[in-house]
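As structure tokens, the structure follows; a few thoughts come after it.
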Ligand code: C5P
């Protein structure tokens, strides 16, 4: 199975996620290939997911295979993006207004159906259950897991000097029916800031320079923890 930024190879007991050098924005309308990006995002995903596992959060991560592969638990993925927002940015501001970086009183969890043609429509629990995408219990479990994971990642990146504004998670179900965090955790899927400095895909979305320069700084900070 090949997606915009990853190729997934399925084996009997596990999957291998191959991170590609592609970067996309605007539902795939903007697309470039940045040599070395796959390895950077794979390693940041490996480090953050290994950390989350150690904090009792169930992720798909099993092993990092240099330079750009992750061995992972085989999951049946929900066709969903689960966004957790700690500070206002991006599509939240476009939809509802507000100032960049304004903090929410509580983390905000939003669900989007993955569908580029429909521009990833936002949905609520009713849609998810009515469309047969997941059960009410599964929605509640994802909300709970997403909030806990956001809180752990905020601490993780906070200790490295980065402010985590928002993030996107993807969940799936393992062979025992347990909900598990899958896909990727990287500057492609997180908004990471140091005051005005941007360390995430907004550098690419807004043409603010070489995104990989910033992604590499995030990787170096993550490596300093020696978790792999
Ligand atoms: O664009 P928006 O403000 O909704 O993005 C919220 C968070 O989810 C950002 O960290 C963004 O990078 C991430 N995201 C993503 N993949 C998408 C849409 C958003 O990783 N397709």
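Read-outs: derived from the displayed coordinates by stated rules, not from any lab. Predicted model, so just to flag it, every value in this text is computed and none were measured. Virtual Cβ from ideal backbone geometry, glycine too; neighbours counted across all protein chains shown.
Rounded, prolate or oblate, given the Cα gyration tensor of the chain, with a/c below 1.5 counting as rounded?
Rounded, because the longest to shortest axis ratio a/c is under 1.5.
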Q: Specify whether the C-alpha gyration tensor of segment 1-112 places it in the rounded, prolate or oblate class, a ≥ b ≥ c being the square roots of the eigenvalues: rounded for a/c under 1.5, otherwise prolate if a/b is larger than b/c and oblate if not.
A: prolate
Q: Using 0.36 nm per residue of separation minus the Cα-Cα distance, give me the extension gain between residue 208 and residue 195 in nm, one decimal.
A: 3.1 nm
**Q.** Prolate/oblate/rounded label for segment 103-228 (Cα gyration tensor, a/c 1.5)
**A.** prolate
Q. Under the definition of Cα pairs under 8 Å and six or more residues apart, what whole-number percent is the relative contact order of the chain?
A. 20 percent
Q | Selected from 29, 65, 217 as most flexible by GNM, with the chain as the system and alpha-carbon contacts under 10 Å | A | 29
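Taking only C-alpha pairs under 8 Å that are 6+ residues apart, what is the relative contact order of segment 53-179 in percent?
Once divided by the residue count of segment 53-179, the mean separation gives 32 percent.
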Q) Out of 92, 199, 112, any idea which swings most in a Gaussian network model of the chain, alpha carbons joined below 10 Å? A) 92
Q. In the Gaussian network model of the chain, springs joining C-alpha atoms below 10 Å, which of 94, 216, 205 carries the largest mean-square fluctuation?
A. 94
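Please tell me the relative contact order of segment 154-206 in percent, rounded to the nearest whole number, where contacts are Cα pairs under 8 Å and at least six residues apart. Could you put the intermediate results ahead of the total?
Values: 71 pairs, mean separation 16.0, N = 53.
Computed value for segment 154-206: 30 percent relative contact order.
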**Q.** Estimated FRET transfer efficiency (residue 29, residue 130; beta-carbon r; R0 22 Å; 0.05)
**A.** 0.15
Q: Show that you can apply the helix-only estimate: for the chain, add -39,500 (n - 2.57) for every DSSP H stretch of four or more residues, divide by all residues, and state [θ] at 222 nm to the nearest 500.
A: -10000 deg cm²/dmol
